[in-house]
Amino acid sequence: MFFKYRYIPNYLSLLRIILTPIFTIAMFQNTFFYKLISLKIFFLASLSDFLDGYIARKYNFVSNFGKSIDPISDKILVISSFIVLSIFYPSIVPFWMLFLIISRDILVTVLRYYRLNKSSNFKTSFIAKRKTLVQIIIIHLILILHIIDPGYIVDNEYLYYMVLSSVLLSWFSAFDYLLLIKK
C-alpha cells in the first residue's frame, strides 16, 4: 500500500519546478488578479517544500532522486523569485545581492555533487534549512506588499536590509558545506 505513495515527496519537488515558471508569468502580468495568483502559486510551491520533506522523513520515503531534486527545486523557486523581485524592485533586491545568492547556490550544488560522487553522505545543514525558510518568508512578505502597495516596498529600507540579511545568512550557511569538503 505504501509503495504507491513512496514517490509523493518527489512529485511535490517536481511540482515546485513546474509552478515556478507559472509564478513568473503571473507576476509579469502585473494586475491585481495576477499578483494575487502569483502569491497563491508561490505559497503552494512553498508549502510543497515543507510537505515533501515532512512526508519523506515521517514515512521514510527518502530516495537518492529526492535528495537531488529537492534542493534543486528549492533553488529554482527561490532564485527565480528573487530574479523577478529584482526586476520589479531593483533598489530592494539589487543585482549584486542576486549575484551573491546565485553564486552561493551554485557553489553549494557543486559541493553537493562532489560529495555525492565520492560516495559520502551530504545532508542539508540546519542553517541552510533556516536560510531557505527565511528567504521564503521574505519573498512572501514582498509579494503581499506587491499586491497591497508596491510604493511601500520602494519607500521602506527595512525590506532591503531583510534581503541583505538573507544574503548574509546564505553565505554563512555555505561555510558548513565548505568545512565538509575538508573532511
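Bear in mind that the values in this text are calculations on the coordinates, not laboratory data. Source: prediction; values computed, not measured. Counting neighbours? That spans all protein chains shown, and the Cβs are built from the backbone with ideal geometry, glycine included.
Overview of values
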{"quantity": "Spacing of the two label points (7 Å from each Cα toward its C-beta) at TYR34 and ASN64, in nm", "calculated": "4.2 nm"}
{"quantity": "Estimated 222 nm signal from helices in the chain, with DSSP H stretches of n ≥ 4 weighted -39500 (n - 2.57), rounded to 500", "calculated": "-29000 deg cm²/dmol"}
{"quantity": "Per-residue Cβ neighbour rank within 10 angstrom, fewest leading, HIS140, HIS146", "calculated": "HIS140, HIS146"}
{"quantity": "Residue exposure sequence - LYS67, LYS4, LYS131 - by fewest surrounding Cβ within 10 Å", "calculated": "LYS4, LYS67, LYS131"}
{"quantity": "Span-rule helices in the chain, defined as complete DSSP H runs reaching 18 Å or more along the axis (Cα) with Kyte mean at least 1.6", "calculated": "126-148"}
{"quantity": "Relative exposure of ILE137, ILE69, judged by other C-beta atoms within 10 Å (fewest first)", "calculated": "ILE137, ILE69"}
{"quantity": "Which label in (i) 29, 21, 12; (ii) 27, 22, 13; (iii) 143, 28, 15 gives the computed semi-axes √(5λ) of the Cα gyration tensor in Å", "calculated": "(i)"}
